[in-house]
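The values are calculated or read from the model by the stated rules, or taken from the named source; none is laboratory data. This is a predicted model, so every value here is computed, not measured. Here the Cβ positions follow ideal geometry from the backbone for every residue, glycine too, while neighbour counts run over all protein chains shown.
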Amino acid sequence: MNQLLGDWNKLSSPDSTARDLALSELRLTLVRSLTKALGQRAGVNEAFIEDMVQLSLLRILDKLDTFQGRSAFTTWAIAIALRIAMSELRRKHWNNVSLDELQQTNELIPQDKASQPSPDEASEIKETREILLETIHSQLNERQRLVLLADLNAMPHDEIAAQLQISRNAVYKLGHDARKALKRELEKAGYSASQLLAAFQPNSFTASV
Amino acid sequence: MKLTNEHIKGLVECMGVTHEQELNCNECLDLVPEYVEQDIQKQPIRSTLKPVEYHLALCKECRDEYDTLRELLTDTENG
Ligand SMILES: [Zn+2]
């Protein structure tokens, strides 16, 4: 038994009666927590909560050995349940939007056609746009570009992951590699993020979006 | 799709919080329970948990889940 579980160590007890009791107590805690946290959101009803709690219990039991007692057990368990339920909610909301469609209708247009700076646009912003577009087209692979495009359209990583049939971690890595490439090229040109953000202040230029 | 100034600003903001090494979403979730308890109790966040802060600044899914967890636990603590 995992002693770090404290009062919850019955979850890993060989005594099935004790284990079932602990499990139904955990189930109740998760039902209450998910109902309180998500009950008012669109698409959430009793059946949804039940399904999510069931999936969460399986995941929690599967990961029980990894609990290290660095927080209350319930905090750890609720965090896992929220990850599962909220990922599912985001997917429900987005699953009629396909990445292919997004890509076809929203391909980032090539640099030469994209640069239409207004006359009073700060030169840093103009140059930044050129560097970003150049890097996006010459240094990012197709999947990195796709994640960046989906990010710009606020598409959740859960949905990108499902459509590409990869994990949410893998989507994050594609985005991370893309960001690192963009950052590297901006820094090569002598720009830092804080300097560029200052150029976006209202007094620095007139926005023409 | 034209890269609008809003897009560029968003990307530059991301550059500002991009680190060479970052936690992925699962690694972040492993540390979130400890981080959220310290955050709620207004304890200084341990330096080993700093990467959680970086990840939450960049990943809107983990941020959304974190905010929901924090609100839930704060409400629970306050009865
Ligand atoms: Zn994340």
Out of the residues in region B:34-66 that are touching a His at 6+ places or on another chain (Cβ under 9 Å) and part of a helix (DSSP H, G or I), which is nearest to the other protein chains (Cβ to nearest Cβ)? B:Glu61
For the condition surrounded by 14 or more Cβ atoms within 10 Å (Cβ to Cβ), within 15 Å of B:Cys62 (Cβ to Cβ), without any contact (Cβ under 8 Å) to a residue 24 or more places away in the chain and not assigned by TED's automatic domain parsing to the domain that holds A:Arg145, what is the one hit in A:Arg90, A:Arg83, A:Arg70? A:Arg83
B:Pro33 fails exactly one of (1) in contact with a Phe, Trp or Tyr (Cβ under 8 Å, 6 or more places away or on another chain); (2) over 29 Å from A:Gln68 (Cβ atoms), namely (2)
From A:Asp158, A:Asp177, grab the single residue that is among the charged types (D, E, K, R) and either at the interface with chain B (Cβ under 10 Å from one of its Cβ atoms) or surrounded by 22 or more Cβ atoms within 10 Å (Cβ to Cβ) (or both). A:Asp158
Near pairs, Cβ below 7 angstrom, 6+ apart or cross-chain, from region A:13-42 (closer than 20 Å to A:Gln3 by Cβ) to any residue that is modelled with pLDDT under 95 and of a type in the set (D, E, K, R): A:Ser13/A:Arg19; A:Ala18/A:Lys10; A:Arg19/A:Lys10; A:Leu21/A:Lys10; A:Ala22/A:Lys10
For region B:10-37, how many residues are over 24 Å from A:Met155 (Cβ atoms) and in contact with a Leu (Cβ under 7 Å, 6 or more places away or on another chain)? 4
